[in-house]
Structure formats: structure tokens, C-alpha cells
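Contents: one structure, followed by commentary.
None of the figures in this text is laboratory data; all of them are computed from the coordinates on show. Computed from a predicted model, the values in this text were never measured in an experiment. Don't worry about glycine lacking a Cβ; one is built from the backbone with ideal geometry, like all the others, and counts go over all protein chains shown.
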Amino acid sequence: MNFARSVNPTDPYNITHPAEYALALNNTAAGLARVANDPWGTGKQMIDGFMKDPAEGFGRLLPDLALTAATGGAGAGVKGARVVKEAADLASDARNLERAAPDGTHNRPDGERTSKGTDPVDLASGRMYLPQTDVVLPGVLPLAFTRRVESGYTAGRFFGPSWSSTVDERLEIDANGVIHVTDDGLLITYPHPVPGLPTRPESGTSHAALSRDEAGDYTLTDPETLLTKRFAGPDGTEPGDDGEAWLVQIADRNNNTISIDRSEDGTPRTLVHSAGYHLALTSVEALITEVSLRDEGGDVLPVRTYGYSDGNLTTVTKPSGATLTFAYDDHRRITAWTDSNNHRYNYAYDEHDRVIAEGGEAGHVQLTLEYSEPDPRTGNRTTTLHTADGRSTRHLVDDRCRVLAATDPLGNTTRETFDVHGNRLSHTDALGHTTTFSYSAQGRLSAVTQADGTQFHITRDESGLPTEIMEPGGSRRMQEFDDHGNRTTVTEPGGSSTCYAYDAAGRITSVTDALGNVTSIRCTPAGLPQEITDPLGNTTRYDRDPWGRPVRVTDPLGGVTLLRWSQDGGLAERTGPDGATESWTYDGEGNRLTHTDPIGGTTRFEYTHFDVLTARIDPDGARYEFTHDADLRLTRVTNPQGLTWSYAYDRAGRLVSETNFDGRTVSYTVDGAGRTTASVTPLGERISYTHDALGRVTRKDAAGHVTTFAYDIAGRLLQASGPDTELIYQYDRAGRVKTELVDGRATTYVHDALGRRTRRVTPTGRRTTYDYDAAGRPN
């Protein structure tokens, strides 16, 4: 869907997908601005192949959202000055905590951890961790308020010792150097900087540089996020002396800022965005009890409230009253969480803060973890995950807490190698296919070599931003950036370019496509679209609430779409220009409970543990039921007639058969890399599949009827030859199909600079032409 259509409230797709449309409105301008800083913006094909799974390539950049399914919370009173003092004493000794942490884990982000099959446990260190996001206020520089808990972590201050948070971020300075205590619980060590001589992390994959000015204040500059963080030097000390330097400002390269106002002891009071967002924090005895949003009129809008027991964060409450509850042991480790639907999940630990057992009260995701002693020769050890039904997965961990190999319950092993900084150098699947990764001297990804030898190359500018991505076959995608890191031009392999313009604050003001058509955008101070004018002069306008969400959309013809949001931020109601209204309700976990369509028909949804859908009841009363196993895999669908469609899995969790509503079964054979190598139809016919090193099907044999497939170096299908026919594709420089031959009969295609089809000629010579207006609509 092109840009103009994606923000048009009367577009048929947007009408039928209101939630997606509302989300798109919220993210359009901010997303365009952020994509300017996205190292993978024009390398989507590469990233799609390598970023889908932690075991496939680079590893996750963001924590799996499934791991934060249990969000909600409630507030309670705070008690215990003794506890507050204890927390402060613990937090002030980050150096000891860093030394006590399992080697290699104190500076490893969640995206580089292995936790598959757990909820969530770092399988290298055995530590339970749980990241949570309380609010994100969108913009060119989003204002996010986050928290994270980890077993064994004691450097927390304002949500109790076990929790790191946005406002807990600081520098701990002592004679040995500086420790950056991050918002997500990392402890990154630096040598002492002196004015004019910044220092780099002593280990790990972070590239942020730490500097100190003459007054004793510190600045951390991250070339990956393009953010600069300023820390106020310790009060009452000389520049460079020991103490705590609290985070007081975050700035991007467009001079957007988030300022944190603190009391003398560092307790945060407000977070104020240069665009006008204002978060107010209420604290009792240095523990935060409430976060609220102040709008322009001074009204107070609740975000979360928090309750404590013995200094531990025990309840988190949403504005609707939905509550997430935590229980702790005497070592301040979370032993259970209970979500707002009263579903409980439990953890047990050993004396090293490692999880040894976890599981849901109804038997979901129940497992035990076993840890070996280090091998005296190699220093390697193993973490073995045992499920309740007796399946075991074994992880080989090195002395830097990196998972070198994982062996599934069927004996299939994947392997990883790393450099001294923790960058992944190679991934080898269970069949021996290896993908390798290369890095520049600055530690940035510069090349990926796939298992078949084909390569992706990344060229970067002095700031580390990718200016060229060369794909297998030589296709080049080019990017240009301004001095603030905003992406200004994207040039596709075919030579077509899209240009972006920004104002002084990095807010996007226009998009010019390859044909010279200009879409103009006027944004709010935060950078969210307020008016979008297409190349024909048609303007769509947006009114927003204090959270940045659209509440009124006026189309170019004056039609108004009204959007109403629930207390917890879900789309609750949408009224179109014709007055037709749809509505939605949700539970405390954000699961959709009902959808009422414009004619009053209501669809209902039911859930169980881990927010798994168990039933859908249509407006006519037809009921569909969904059954899952203890690992949350779908095992049976029951339709309104009582017929079932069932699924079976092997011990490694891969689908091996399905039986449809008529009782007919299709079975599958899967290789060690998870690829289907054969299927057997309900009539007993066997179909076999052969794959290349990249997992693409190259041969299909259906009872002697053979079809072969060939691909070009860029991975595009070139030829498919079967018993009765042959299909051949030819592509232009941009990778678009220009000729399709079926048994020698050619259909040709012509595309414009935007990739849209403009002409089609069939084998009989029949010609069809396509024309579009400047806004991308067919004429």
C-alpha cells in the first residue's frame, strides 16, 4: 500500500483493518524519521532472512513480546525506611555487583541472550529476567518509560533493588573506573575519561563513548542509537571524584531532548520532553508509587501505580485497575507473578540466583534447569532444559556466558562462534550449513556470507550509518544522510530514488518519490503527522490526544472519522464518516474480548493462561474452540459442528502431522534444520522435497512426477520445470519480473520508477496498460 493510501481513512483496507490503521497513523511520521536512522532500512531482504530467530544470524534486537505477556499491575503502600537505605547501599556498590555477576552477562543486552523455551530465563547464566514497558509516547525521539527485573540484580533504586528502570540509569564512579548502570540492567565498565579524551567500554559489544567535561559532568554518545546521554557529576565533589552521576538528559542529533528533574539524592520527579510530553513521578521514601501524564491543560492522566512490600515492587496497576502482582523470596528474587486474569507462574532458584524450575499453575511451560560444573580444560559448561514430559534440550556455554551450541531433544545441534567482543562470527545449522558474519574495525557488521557462498556487503559512513548495501548478484541499495543522521535519499537497485526532507527538529516535512511527486507533511512538535497533503493537493488532518494517539481524522472531502481509546490504550471505538460505529473491549492483559461490527453483531473471544486464545464465538452464535498443549502449541481446532482439526508435533516441537475436519491425515518428515523433506497424503502418496543450502526447495518428487526449481544468485525463482510444463522468469535491474514464459509462451511486463506495473503483453499480443495519478491511484 503506497504512502498516500496508508494514511487515508476512507481506503477500503483501512476501513476493514481499523486497529492497523490507527497504529499506522500513530507511527507514520515518527517511523519515517526513525527509519532515517535505521541501519537496516534498505537492507530488508537481508534482515528478513537473518533476524527472524535468535539462532538465525544476528540475534534478536528486541525482547520477544511473548516474554512480556504478563503486564498489568496495582499499587499499594510503601513501607520501611530501613529497606530504602538497604537498597541505596546495594545500588551504590555496582562494582561488587559487576564482579559477582556471571562472567560475560553484565554487559550483554537481552537481544543477545538465549532464552528459547523459558519465560524468560537466560540459559547461559540461569538468571530470570523480565522487561516491561509502562508507556511509550511517540515521536521523532520517543519518550519510553521502562522497567526490568533480574534475579541476582541488586543495583536497583527507585523500584526496589531487583529492578532497573529508565530513571535508575546512572554512572557509578570509583578508583577503578566508571560503571554505566543502564536502564535495562547492564553494567558496562569504562576507564576514567578526562576532558578531551573519551573512553570506550572495556568489553562487550557496545560502541558508546564516555566523556567528561571540566565541570565534572559526563556524556555518553552512542553511534548506534544516535543518542547522547548527559549525567550530572556527583554533588559536592571535585570533577572526576567518586560518587553517583545520575542521568539528567537524553538528546538526539536533531536536538530533541528528554530532561529528568531529580531531587538532591537523585530521586526522579519529572521527565519532560522538548515536544511537550510531561511525565510526573510520585515517590514515597525514594520508591516510585505513581507515574502520570500531565497534559497541556494541567490535567493528570494515570499511567501506572506501584505498590511495595519490604521494599520490593509487588504490584503494578494500569489505569483500568488491572493488576500484575509479584512475589519474592528473602533474596529479593521473583518467585511468582500473577497477571490481572489471576493466572500465576512460579520460579525456584539455587544459591547462585539461577532458575532451577519454573512453570504455570495449570501445567503450562513447566520445566527444570540443570547446570553442570565448568570443564577444567575448556571452561565450558552445559545448561540442560528438561520439560515436564521428559524432553531435554542441552546448551553448551563458554566461560564468557555465550551459548556455543544447542542440541534439541532429537539430537540436532546448532553451533555459534563469537569474537573476543561477543560479536557472532558464525552460525551453523544441524546439517552443517554455515553463515558467517564480518565486522569493521569499529565492530559494526560489514558482511554476511550465506551457506551457499553468496554475500551481502555493507558500506558505512564515518558515523557508522549504512550508505550502501550490496546484495548477492551485485544489486546496490544506496542511502544518504544529513548531518543529523536523518536519511534523506534512498536509491533502489534500478536507480529510482526517494527523497525525504526534515525541519530543524528532525520532523519529516516532505517525501518526494522517484517521479517527482511530493507528499507534504506538517507534524506536531513531537513529529507526529498533523496534516498530510498528497501530490494532488488533497489534505488529511489529524487531531490527537495527550498520548499522541489520533482521535479525529478529517479526510480531503471533509469526512470525519472519530477514534476512542480505552483506559489502557486499546482502540475502543471507531465511527466512520457515515456514522457507522465499531467497538472493541479488552481484558487487563490487552486481549480483545469483543468486537461489535457496525450492524451490531458481536464476536466474542475467550483466553486461558499466557493469553492463549481458546474460543471465538461469532455473532450468529457459532463457536470455534482452540486447544493448546503445555508448550502453548495449537493441537486442536473444533468447529461449530463439533468436528476437529488436529495437529501433532515431534519431540523437537515441529509439526509432523495434521488431521482435517474430515478425518484425513497428512504427515510430514522434517530434517534436522526444520525443513520438510517429505509429506504423505491421506491416500498414502509420498511427496519428497530436496533443498539447497539456503533451505529453498530445488526438487519435488510426487510418486515419480518430478518438478525442479532453479534460482538466481539473488535468490529469485528462475525456472520451475514439471512433468507437463516449464515456467521461466526474467527480471529487470530492480528485481521485478519483466518476462514470464510458460512453455515458451511469453508474457511481458513493464514497470515505472515506483515499481508499479504500467504495461502487460500476453502471448497472443493483447496489450493492457495501467496509468496512475500523482497520488498513486489508478486512472
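Roughly how big is segment 69-356's charge dipole about its Cα centre, with Cβ charges of +1 (Lys, Arg) and -1 (Asp, Glu), in debye to the nearest 20?
Charge dipole of segment 69-356: 740 debye, to the nearest 20.
Given H placed 1.01 Å from N in the peptide plane, which residues other than close sequence neighbours of Leu227 have an amide H under 5 Å from its amide H?
Answer set, sorted by chain and number: Asp222.
Roughly how big is segment 725-779's charge dipole about its Cα centre, with Cβ charges of +1 (Lys, Arg) and -1 (Asp, Glu), in debye to the nearest 20?
120 debye
Remind me, relative contact order of the chain in percent, using alpha carbon pairs under 8 angstrom and six or more residues apart?
The value is 9 percent.
Taking the Cα centre of the chain as origin, sum charge times position over the Cβ atoms of Lys and Arg (+1) and Asp and Glu (-1), and report the length of that vector in debye to the nearest 20.
2220 debye
Output ³J(HN,Hα) for segment 446-462: one whole-Hz value per residue in order, computed from phi by the Karplus curve 6.51 cos²θ - 1.76 cosθ + 1.60 with θ = phi - 60°, and x for Gly and Pro.
For segment 446-462, the Karplus-derived couplings read 10, 7, 10, 10, 7, 4, 8, x, 6, 10, 10, 10, 10, 9, 10, 7, 5 Hz, x marking Gly and Pro.
Could you work out the equivalent-ellipsoid semi-axes for segment 114-160, taking the square root of 5 times each eigenvalue of the Cα gyration tensor, largest first, in whole Å?
25, 15, 8
Placing +1 on the Cβ of each Lys and Arg and -1 on the Cβ of each Asp and Glu in segment 69-356, which of Thr228, Gly177, Leu143 has its Cα farthest towards the positive end of the resulting dipole?
The Cα lying farthest towards the positive end belongs to Leu143.
Using Cα centres only, tell me the gap between segment 110-177 and segment 686-714 in whole Å.
45 Å
Which whole-number percent is the relative contact order of segment 69-356 (Cα, under 8 Å, 6+ apart)?
Over segment 69-356, the number comes to 20 percent.
Count the lysine pairs in the chain whose Cα atoms lie under 25 Å apart, taking only pairs 8 or more positions apart in sequence or on different chains.
Qualifying lysine pairs in the chain: 5.
If I take every Cα pair under 8 Å that is 6 or more residues apart in segment 725-779, average their sequence separation and divide by the length, what percent do I get for the relative contact order?
19 percent
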